[in-house]
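**Q** Take a look at this one; I'll ask things after.
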Amino acid sequence: ELKEIVFIIQSQSNSFHSKRAEDLKRDILKQSADLGKELPTVLLIHQMNRLEGAWSILPLMRDLSVTYGGNSSWIFFCEEDTRIQVVKLLETLGRFDTSKEWFLGKALYDEESTIIHHYAFAENPTIFKFPDFAAGWALSIPLLNKLANKLKSEPLKSDFTIDLKHEIALYIWQKGDGPHLTPVPEFCTDEVNSYKINHCATTFSNFLPLCAEPVKKEDVFVAVKTCRKFHGDRIPVVKQTWEREAALIEYYSDYAEISIPTIDLGVPNTDRGHCGKTFAILERFLNQSSSRIPWLVIVDDDTLISISRLRKLLSCYDPNEPVFLGERYGYGLGTGGYSYITGGGGMVFSRIAVQKLLASKCRCYSMDAPDDMVLGMCFSGLGIPITHSPLFHQARPMDYPKDYLSHQIPVSFHKHWNIDPVKVYFTWLAPNTEDSLHAKKAGYNREDL
């Protein structure tokens with residue numbers, strides 16, 4: 001029965017995202033009403049729990065079990081851009097015995113072991129499957145109740161949340177004591193107008209939002225963090241690839257080199273975190289750039305980014321809101337903790353977010369503290385939410401399942417290890433057809449990168 005399904009939309013509190021999630025909720029309820037069925041429960045994750053870590057889902061399991069464990073059959077999770085055919089979903093879930101433990105989804109797997117999964121299953125990473133959240137995924141109530149009981153006796157470890165879909169699958173698997181993910185072909189990430197649509201219970205809108213005219217080039221200030229030892233190898237890559245897309249760009253270093261040019265912020269380079277340097281950039285943006293520039297992007301010197309795609313994405317955000325945007329990680333979310341935007345994929349700030357941050361007096365506890373984590377802590381203390389976009393990437397294309405990247409138009413990748421970064425840029429991120437043709441002529445192939 002439809003009323004036995006609890007839909008949970010993995011929503012965010014930023015106004016653009018919360019509206020998308022509300023639209024999806026309305027669509028699910030309208031389809032349900034049109035069937036003449038008793039309506040299901042539809043929840044938005046950002047409204048469910050005041051915990052900072054609600055987005056990481058496992059901290060919610062006990063509450064879900066208490067509230068829905070007795071009178072429901074399935075908890076079905078989806079993203080704000082997942083599109084659901086309710087009738088087909090009912091048919092699909094109806095194939096499974098709800099008295100058993102089921103973990104259902106569209107299966108992803110690593111082709112090779114990867115840093116973002118801590119090199120798990122290094123001997124054969126393809127054996128471990130985890131769900132593509134974009135296609136939706138489901139837990140049967142017996143499995144939900146089992147997870148809730150486990151969490152009662154063994155609280156979540158207070159460490160990093162990096163790739164939630166992989167970490168949830170690992171937690172459910174319990175080193176072989178729990179169920180593996182069962183792949184469900186009806187959970188799809190095909191476009192709504194795909195020829196395959198008839199067999200799909202879920203689809204996914206191809207993902208680079210454009211809500212209005214792209215933000216003007218002159219409205220995005222780009223700050224590149226570098227240091228003297230990387231001037232010779234990393235900065236030339238930026239200049240060969242994406243620098244031309246940025247109207248306003250400055251390179252911040254520990255040494256002023258006129259040929260680039262770099263600006264010496266007077267902050268010595270540190271081997272670990274770069275908190276001192278990042279806060280100096282934030283101060284400079286607020287005090288020395290034109291007050292009319294609404295957006296600041298801070299990237300590493302080995303970040304590859306599409307500024308033209310970023311400008312499209314930013315058309316969806318209100319620069320009058322405090323926005324802190326990028327790829328979200330978590331620290332200690334099982335015990336409170338905080339979320340942060342991981343720096344390598346690029347950190348995007350609205351000017352008002354920078355103003356609120358610097359007015360708060362929240363600062364680095366040491367010059368070499370991890371800047372992205374300190375920023376997360378500060379914004380969390382201010383009650384300013386982290387806004388996640390899966391289009392920013394802390395690692396290289398080869399570190400993600402091909403099927404996951406196939407329904408994205410990525411904004412960034414990070415790191416130059418064992419790749420040709422210029423090839424990666426022209427294959428994955430170059431802004432126009434001329435660049436893409438250049439990539440094809442040169443024989444660059446996404447499958448190889």
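The values are calculated or read from the model by the stated rules, or taken from the named source; none is laboratory data. As the structure is a prediction and not an experimental result, all values here were calculated from the model. Reconstructed Cβ throughout: ideal geometry from the backbone, glycine too, with neighbour counts over all protein chains shown. Ligands, DNA and RNA are stripped out before the accessible areas are found, and what is left, the full protein with its side chains, is counted by its heavy atoms. Shrake-Rupley method; radii C 1.70, N 1.55, O 1.52, S 1.80 Å.
**Q** Please list, in order along the range 360-373, the HN-Hα scalar couplings obtained from phi with the Karplus expression 6.51 cos²θ - 1.76 cosθ + 1.60 (θ = phi - 60°), rounded to whole Hz, x for Gly and Pro.
**A** 7, 6, 6, 9, 5, 7, 7, 4, 9, 5, x, 4, 5, 6
**Q** Now for a separate question. In the chain, what cysteines have no partner Cβ closer than 4.7 Å?
**A** Singleton cysteines: CYS78, CYS227.
**Q** Taking all protein chains together and a probe of 1.4 Å, list VAL215, VAL224 from the most accessible to the least accessible.
**A** VAL215, VAL224
**Q** Run the numbers on the chain and let me know its relative contact order in percent, using alpha-carbon pairs under 8 Å that are six or more apart. Please report the intermediate quantities before stating the final value.
**A** Numbers: 916 pairs, mean separation 67.4, N = 449.
Across the chain, relative contact order equals 15 percent.
**Q** Let me ask something else. Using +1 at the Cβ of each Lys and Arg and -1 at the Cβ of each Asp and Glu in the range 2-204, identify which of LEU147, HIS17, ALA201 lies farthest towards the dipole's positive end.
**A** Of the options given, the answer is LEU147.
**Q** Seen from all sides and averaged, what is the projected area of the convex hull of the Cα atoms in the range 327-372, in nm²? Intermediate results must be reported in sequence, preceding the final value.
**A** Working: hull surface 16.2 nm².
The number I arrive at for the range 327-372 is 4.0 nm².
**Q** Mind listing the long-range amide H neighbours of ALA256? Cut-off is under 5 Å, sequence gap 5 or more, other chains count too, H placed in the peptide plane at 1.01 Å from N.
**A** The answer is ASP264.
**Q** What are the ³J(HN,Hα) couplings of the range 383-389, residue after residue, when phi is run through the Karplus curve with 6.51, -1.76, 1.60 and θ = phi - 60°? Round to Hz, x for glycine and proline.
**A** Residue by residue, the range 383-389 yields x, 9, x, 6, 10, 8, 10 Hz.
**Q** So, one more: Would you mind telling me which residue in ALA223, ALA201, ALA359 has the biggest mean-square fluctuation in a Gaussian network model of the chain, where springs connect alpha carbons within a distance under 10 angstrom?
**A** Of the options given, ALA359 has the highest mean-square fluctuation.
**Q** Please give the per residue accessible area of the chain, computed with a probe of 1.4 Å over protein heavy atoms only, in Å².
**A** 43 Å²
**Q** Report, in deg cm²/dmol and to the nearest 500, the calculated mean residue ellipticity at 222 nm for the chain, where each DSSP H run with n ≥ 4 adds -39500 (n - 2.57) and the sum is divided by the residue count. Numbers along the way, then the final one.
**A** Details: 14 runs with 133 residues, N = 449.
So the calculated ellipticity at 222 nm is -8500 deg cm²/dmol.
**Q** Percent of accessible area on the chain owned by carbon and sulfur, 1.4 Å probe?
**A** Working: 9510 of 19120 Å².
In the chain, the share of accessible area belonging to carbon and sulfur is 50 percent.
**Q** Given an 8 Å cut-off on Cα distances and at least 6 residues of separation, report the relative contact order of the range 2-204 as a percent. Show your work: numbers first, answer last.
**A** Details: 360 pairs, mean separation 47.9, N = 203.
RCO, the range 2-204: 24 percent.
**Q** About its Cα centre, how strong a charge dipole does the range 18-75 have in debye, to the nearest 20, once Lys and Arg get +1 and Asp and Glu get -1 at the Cβ? Working shown, then result.
**A** Working: 8 positive and 7 negative charges, 15 e Å.
The calculation lands at about 80 debye.
**Q** Across the range 256-261, in residue order, what do the Karplus-derived ³J(HN,Hα) couplings come to in whole Hz, using 6.51 cos²θ - 1.76 cosθ + 1.60 with θ = phi - 60° and x for Gly and Pro?
**A** 7, 10, 5, 5, 7, x
**Q** Could you point to the label whose value was computed as P(r) over Cα pairs in 20 Å bins from 0, in percent for the structure here, given (i) 14, 19, 16, 14, 11, 8, 6, 5, 3, 2, 1, 1, 0; (ii) 24, 56, 19, 1; (iii) 23, 50, 23, 5, 0?
**A** Of the labelled values, this structure produces (ii).
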